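**Student:** Here it is, the structure in full.
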Amino acid sequence: MNKAIDLFAGLGGNSEGARQAGVNVVWAANHWESAVSVHAANHPDTDHACQDLHQADWTQVPEHDLLMASPACQGHTRARGKERPHHDATRSTAWAVVSAAECHKPPFVMVENVPEFANWALYPAWCAAMSALGYALSPVILDAAEIGVPQHRRRLFIIGTRSKHPINIRIQQCEHVPALSFIDFNAGR
């Protein structure tokens, strides 16, 4: 696997992780011009698109082995106290992943979102659509603190493989790193 695309790329966290793993991110897209500009500055060898991915012409996207996507989480997250179904437009961004996967059928798909994404009323239909395209899905919830990041940030990762059975994901947990280990609280006000 050496080529990836990044949908809803934001500032480029997934792209940076892929780059560090030796994967060439050939194309990245987001609807927000400022995010695309920052991503382009950090990943100058990647082709960029600033567009609504519901409107994307997937035939114009380069071939790839890995499709990475972080569809909007605002309609799913309980970060502000409760689920917000009025964000239906942002919830529907997950269907762009299905459209892209249908066009290119890359061997691997990685989708990142908040854990509440799996509680979405249309999550079973989304999974069924990915399954109909030949993907076996392996969802796992991961807290960044469990892999050595000094922040509790729980995320759902869904790994899709074009295989008969889902892969078994085992992640070695690291010792939690406290923020105190890198913040100098005596450095000012």
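**Student:** Can you send over the solvent-accessible area of W95, 1.4 Å probe, protein chains only, in Å² to the nearest 10?
**Tutor:** Roughly 80 Å² of W95 is accessible to a 1.4 Å probe.
**Student:** Given the options E146, E112, E63, which has the most mean-square fluctuation in a GNM of the chain, springs set between C-alpha atoms less than 10 angstrom apart?
**Tutor:** Among E146, E112, E63, the largest GNM mean-square fluctuation belongs to E146.
**Student:** Which residue fluctuates the most in the chain, going by a Gaussian network model with Cα springs under 10 Å, if the choices are C103, C174, C73?
**Tutor:** Fluctuation is largest for C174.
**Student:** Just to verify a number: FRET efficiency for K105 and C127, C-beta to C-beta distance, R0 = 22 Å, to 0.05?
**Tutor:** According to the calculation, E is roughly 0.85.
**Student:** Additional query: Hey, can you find the accessible area per residue of the chain for me, probe 1.4 Å, expressed in square angstrom?
**Tutor:** Per-residue value: 57 Å².
**Student:** Further question on the same structure: Got a number for carbon plus sulfur as a percent of the chain's accessible area, 1.4 Å probe?
**Tutor:** Accessible surface attributable to carbon and sulfur in the chain totals 52 percent.
**Student:** Quick check: with the 1.4 Å probe, what order do L137, L7 take by accessible area, largest first?
**Tutor:** L137, L7
**Student:** Sort F117, F108 from largest to smallest accessible area, using a 1.4 Å probe on the heavy atoms of the protein chains.
**Tutor:** Of F117, F108, the descending order of accessible area is F108, F117.
**Student:** For L137 and E33, what is the calculated FRET efficiency with R₀ set at 41 Å and r taken between the beta-carbons, to the nearest 0.05?
**Tutor:** Between L137 and E33 the formula returns 0.80.
**Student:** GNM, the chain, Cα, under 10 Å: largest mean-square fluctuation among V97, V111, V177?
**Tutor:** Maximum among the listed residues: V177.
**Student:** Can you sort K3, K164 by 1.4 Å-probe accessible area, starting with the largest?
**Tutor:** K164, K3
**Student:** (i) 1.02; (ii) 0.96; (iii) 0.98: which one is Rg/Rh (Cα atoms, Kirkwood Rh) as calculated from this entry?
**Tutor:** Comparing each candidate, only (iii) matches the computed number.
**Student:** Where does the chain land at 222 nm, in deg cm²/dmol rounded to the nearest 500, when only DSSP H runs of n ≥ 4 count, each adding -39500 (n - 2.57), divided by all residues?
**Tutor:** Value at 222 nm, helices only, nearest 500: -6500 deg cm²/dmol.
The values are calculated or read from the model by the stated rules, or taken from the named source; none is laboratory data. Quick caveat, the model's predicted, so the values are computed rather than measured. Glycine gets a Cβ as well: all are built from the backbone with ideal geometry, and neighbour counts include every protein chain shown. Please note that ligands, DNA and RNA were not included when accessible areas were found on the heavy atoms of the full protein model with its side chains. Shrake-Rupley method; radii C 1.70, N 1.55, O 1.52, S 1.80 Å.
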